Amino acid sequence: MSNLLLAPLFKHAPENYCCPFCQIVQRMENPADSSRLSDIVYQDKLVTALVASHQYPRNAPNIIVVPNAHYENIFDLPPELGSDIYRVAQQIAFALKRAYACDGISTRQHNEPTGSQDVWHFHLHVTPRFKNDGFYKNFYDKFLMTAEQRAAHAARVKKFLASPGASADLYDGKEFGV
Ligand SMILES: [Zn+2]
């Protein structure tokens, strides 16, 4: 049996799942959902990137890159779309390096509940890392960042995405109250 025929067996979205990433890709703001249009840092025909609603205390802004079409996880994502997702993730990574002077970047992608997935639409996290940030020790200290703070981060990331040659402004986190 082909692997792709097995993919439906690994789906966990409930029936009639109202997908928050599909909503934001289609530029719909659902008051019950925490994502806002002002979270979006990049969008093209295939891929959208946004500031995640939930952030880690020492690793903001965690950026999420999603395919515009709904695929639940790595098992049903068309492999060629993976290269488009990484094309955007790489640009985000460069922008984060310049915008936040971070020491490293982690990309993470989770599948199925036991794989720590909690939104049933494929997404790749692009996370700035700092020396001694204890990221994996504090992995469950996520908090819902205010829409205003997320919009400020989105504006900063967009600015650095738009000007690849720009040198890093001095970043001390105070601008975002972190
Ligand atoms: Zn979706």
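Where only DSSP H runs of four or more residues are counted, the chain gives -8500 deg cm²/dmol as its mean residue ellipticity at 222 nm, each run worth -39500 (n - 2.57). Taking amide H positions as modeled 1.01 Å from N, with prolines and chain starts lacking one, the residues under 5 Å from VAL41 and 5 or more places away or on another chain are ALA49, LEU50, VAL51. Given the pairs LYS45/LYS131; LYS131/LYS158; LYS45/LYS142, which span a C-alpha to C-alpha distance of over 28 angstrom in this model? Distance filter (> 28 Å) returns LYS45/LYS131; LYS45/LYS142. Think of the chain as a dipole: +1 on every Lys or Arg Cβ, -1 on every Asp or Glu Cβ, centred on the Cα centre; then among HIS54, SER106, ALA13, SER106 lies furthest on the positive end.
Could you identify which residue out of PRO67, PRO14, PRO78 has the top mean-square fluctuation in a GNM of the chain using Cα springs shorter than 10 Å? Its mean-square fluctuation being the largest, the pick is PRO14. What you get for segment 14-161, charging only the Cβ of Lys and Arg (+1) and of Asp and Glu (-1), is a dipole of about 860 debye around the Cα centre.
Principal-axis analysis of the Cα atoms of the chain puts helix 147-162 at an angle of about 80° to the longest axis. What is the sum of charges around ARG58, taking Lys and Arg as +1, Asp and Glu as -1, for the other residues whose C-beta is under 10 Å from the C-beta of ARG58? So the surrounding residues net to -1.
Values in this text are rule-based calculations from the coordinates and carry no lab data. Model, not experiment: these values are computed from the prediction. Please note: Cβ atoms are built from the backbone with ideal geometry, for glycine as well, and neighbour counts cover all protein chains shown.
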